[in-house]
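The values are calculated or read from the model by the stated rules, or taken from the named source; none is laboratory data. Worth saying up front: this structure is predicted, and the values here are computed from it rather than measured. No Cβ is skipped: glycine too gets one built from the backbone with ideal geometry, and neighbour counts run over all protein chains shown.
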Amino acid sequence: MKNNKPRKLVTHIPALSLLALALLAGSVHAEDIGERTDQGTAMLASLQSEQGLVYLNASSWLDEQQAAKALTRDQLRERVLGQGERIFIDFSGITDKAERQQARKAMEQLAGISFDADWVLVSAYKGELLFTPLGGADDPAFYQVMERIDTLAGQGKRHKRSLMQTATAEAGLPHVAFYLNVNRKISDGECTFPRSRTWDRGDRLFCDSPNIALVYRVNLERSLQFGNTGSATPDAKIVRISLDDESAGAGIQLNEDLSWSENIADYLLLDGWARDYATDAIAQDYRFTIDASNTKAAVLKSLPTNLNSKYEHREISGFEVGVTGGVEVNKDGPKAKLEASAKFSQQRQLAYNTQDYRVERSAPSAQKVSFSWVRDQYATAESLLSSKTATVWGMGYDVDHNRIQPLSYKGFVPNLDVIYKAAPDETGSTEFKIDSSVNIRPIYTGIYKHYYVVGGHISFQGFEDVDKRRRVTASTSFKVDWNHPVFTGGRPVNLQLGGFDNRCLSAGAEHGLSAVTCDETSAAQSFIYDQYGRYVSALDTRRCLDGNNLGLLQSCSLSLGQRWEWKADSDALSNLSAHQLLGHNKQTGELALYDENGNPADVSVRTLTSYTRIFGPPAGN
């Protein structure tokens, strides 16, 4: 008879070779931007490999020379989304409060947001940046993100495309989009309760690998007023925070399955408590709260509304913003002033399957909104019992697990959508705090033996002990700078000097202007041509190009010296105060205002402009 069992092929690899391979894998060292802190060194030393990691000491942003070597906004996106690397930003070495604020400000310029955290991990998720602020040096989220294989090495072009894939529907909308990783392990202590409600039998663990793992989707954008009264889009700066079908994460987990333990009276009993049971933990409720730190932002829209239990529904949460259409609807393209010319409907897919829970929405203030999934079906331990009474021979565990849907203890993923608005001229910053929590409760039931002279029976009872519940919260927050260029609503453009082959105006750290090699992904070379005809620097939206001082960007005002107009059918940019054209020296690039005709041979008054890509994905998308 033929033996169909495959032959075993055994390859012997010398132990020394295995050791060498292990040492080689562990020897890959991250690229360092700035010197490593002691805590940063310790955290990275715990990794098996630093491959695909970039270490960035936030202190480097405090030194002008080091800051020049740090990542730019476009480099951050290219390295994370284009190359699949992860950026480990370390703030732990900055103890001075003022310096910490300065470093956070630098991060806002880099990424659009900042966090009150000692460490922040930046990685890729669904074509956008995923930020994971870490709660401490032992935060398990650090290892979970680092162990994720997002590097492109050996994974081919298909993986690169998946990293850089983004929502094409929003590609033309000036916006900053990112994901916020909320990941918190629920400790053993947080899910440990008494083994018995009736007797002192010690404690036990009521959860199995519990955790909170959610991915919030965040958009920063500007809506311009467009349309007639009643149907007009709002004129506002917008922050949108969502858990939708496209994000959400793994969810909240307490247990994979439910088990139970039994306790029996250890004394002779005629009438009294004979047994009690403790069933593994479920969620009495899930709660999600979003709160803005000041009145600069107010809730404009929030979903879901109040929902009943056993409710299943899918809906599109749409929001219309007024946008400048650019070349698609305006023949002037990048030479067009900022004005609303179209509506854009930004949509989120929300799915609800409430099962045993009803949804309660509350808004205690204009800045705060809360959503609670509260257990409504079989909400008490008593209601989970399949029997009320039995004969004394019918003692046993009586909780009906069919009355507890898996949503009650594993893989709970909510869907919600909250839109904040701020005034179009709002300045300063606002911190947005997000709390994601679960109210953990064990299920305690018991059997009471009733005795009377001629017989007896037992009754099954459930207990509602509020003191034997525990709320566990995963908190995170991010700060939004209302001066960020995305809140102008304009598509950034550059100003290219026609007297050179490849030179564009660029803003420096001290607001100085110089002519450098053009880079369409550079924030320093990007300007917003606003509704007043001003060229507002994308690096600092409080600074404008001023014809009265072309060496330095000036504080923005409505002076005619800061207002510019393109001459029809030409590459000439005219200043409304001097009625002269922006020109430059063809040798040095020095700017000045010149008459339209009769200029020296070494002067060019030709200026070109095109869109830049400081908000969108890197090239190749």
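Look through 541, 521 and report the one residue that is among the hydroxyl-bearing types (Ser, Thr, Tyr), under 20 Å from residue 220 (Cα atoms), modelled with pLDDT under 95 and touching an Asp or Glu at 6+ places or on another chain (Cβ under 6 Å). From the options 541, 521, the qualifying one is 521. Just wondering, is there one or more residues in region 309-322 that are free of Cβ contacts under 8 Å to residues at least 40 places away in the same chain and among the aliphatic types (A, V, I, L, M)? Among the residues of region 309-322, at least one is free of Cβ contacts under 8 Å to residues at least 40 places away in the same chain and among the aliphatic types (A, V, I, L, M), which makes the answer yes. The residues of region 196-212 that are more than 30 Å from residue 140 (Cα to Cα) and β-branched (Val, Ile, Thr) amount to a single one, 198. For region 517-529, a residue qualifies if it is outside any loop (DSSP other than H, G, I, E, B) and crowded, with 17+ Cβ neighbours inside 10 Å, and the qualifying residues are 527, 528, 529.
Strands (runs of 3 or more DSSP E) fully within region 180-257 that include at least 1 residues being surrounded by 19 or more Cβ atoms within 10 Å (Cβ to Cβ) and touching a Lys or Arg at 6+ places or on another chain (Cβ under 9 Å): 192-194, 211-223, 236-243, 248-253. Looking only at residues in region 388-429 that are among the hydroxyl-bearing types (Ser, Thr, Tyr) and assigned to a strand (DSSP E or B), the one that is farthest from residue 371 (Cα to Cα) is 389.
Take the residues in region 363-387 that are assigned to a strand (DSSP E or B) and polar (S, T, N, Q), then tell me which one is farthest from the chain's Cα centre (by Cα). Steps first, please.
Restricting attention to region 363-387, the residues satisfying the condition of being assigned to a strand (DSSP E or B) are 363-365, 368-375, 385.
Those still in the list that are polar (S, T, N, Q) too: 365, 370, 372.
Details: 365: 23, 370: 18, 372: 21 Å.
So, considering only residues that are assigned to a strand (DSSP E or B) and polar (S, T, N, Q), the one farthest from the chain's Cα centre (by Cα) is 365.
Kindly provide the set of residues from region 581-606 that are in contact with an Asp or Glu (Cβ under 8 Å, 6 or more places away or on another chain) and assigned to a loop (DSSP other than H, G, I, E, B), ordered by number. Listed by number, the residues that qualify are 586, 587, 605, 606.
Inclusion of residue 94 among residues that are surrounded by 20 or more Cβ atoms within 10 Å (Cβ to Cβ) and either at positive phi or in a loop (DSSP other than H, G, I, E, B) (or both) is warranted. Condition check for residue 378 on (1) without any contact (Cβ under 8 Å) to a residue 40 or more places away in the chain; (2) loosely packed, with under 13 Cβ neighbours inside 10 Å: one failure, at (2). Determine whether residue 252 is under 21 Å from residue 469 (Cα atoms), within 26 Å of the chain's Cα centre (by Cα) and touching a residue at least 24 places away in the same chain (Cβ under 8 Å). Criteria met by residue 252. Can you work out which of the residues in region 244-276 that are of a type in the set (Asp, Glu) and closer than 30 Å to residue 181 by Cβ is modelled with the lowest pLDDT? Out of the qualifying residues, it is 246.
Residues that are at pLDDT below 85 number at least 2 in the following helices (runs of 4 or more DSSP H) confined to region 1-88: 15-26, 64-69, 73-77.
Collect the residues in region 530-563 that are crowded, with 16+ Cβ neighbours inside 10 Å and farther than 21 Å from residue 594 by Cβ, keeping them in residue-number order. Within region 530-563, 530, 532, 536, 537, 538, 539, 540, 541, 543, 556 meet the criteria.
Enumerate the pairs (first residue in region 177-206 and on the phi > 0 side of the Ramachandran plot; second residue anywhere and modelled with pLDDT under 95 and among the hydrophobic types (A, V, I, L, M, F, W, C)) with beta-carbon separation below 7 Å, excluding pairs fewer than 6 apart on the same chain, so at least 6 apart or on different chains. Here the result reads none, with nothing in region 177-206 linked to a residue that is modelled with pLDDT under 95 and among the hydrophobic types (A, V, I, L, M, F, W, C).
Among the residues of region 386-396, is any more than 18 Å from residue 415 (Cβ to Cβ), hydrophobic (A, V, I, L, M, F, W, C), at pLDDT below 95 and buried (at least 16 other Cβ atoms within 10 Å of the Cβ)? Scanning region 386-396, I find at least one residue that is more than 18 Å from residue 415 (Cβ to Cβ), hydrophobic (A, V, I, L, M, F, W, C), at pLDDT below 95 and buried (at least 16 other Cβ atoms within 10 Å of the Cβ), so the answer is yes. Looking at region 207-243, which of the residues that are polar (S, T, N, Q) and closer than 30 Å to residue 193 by Cβ is modelled with the highest pLDDT? Checked region 207-243; the qualifying residue modelled with the highest pLDDT is 211. Taken over region 117-144, residues that are over 18 Å from residue 473 (Cβ atoms) and assigned to a strand (DSSP E or B) amount to 11. Which one is nearest to residue 344 (Cα to Cα) among residues in region 481-495 that are of a type outside the set (Lys, Arg) and part of a loop (DSSP other than H, G, I, E, B)? The extreme case among them is 489. Conditions: (1) acidic (Asp, Glu); (2) more than 19 Å from residue 606 (Cβ to Cβ); (3) at pLDDT 95 or above. Residue 530 meets all but one. Number of the miss? Just one mismatch for residue 530, condition (3).
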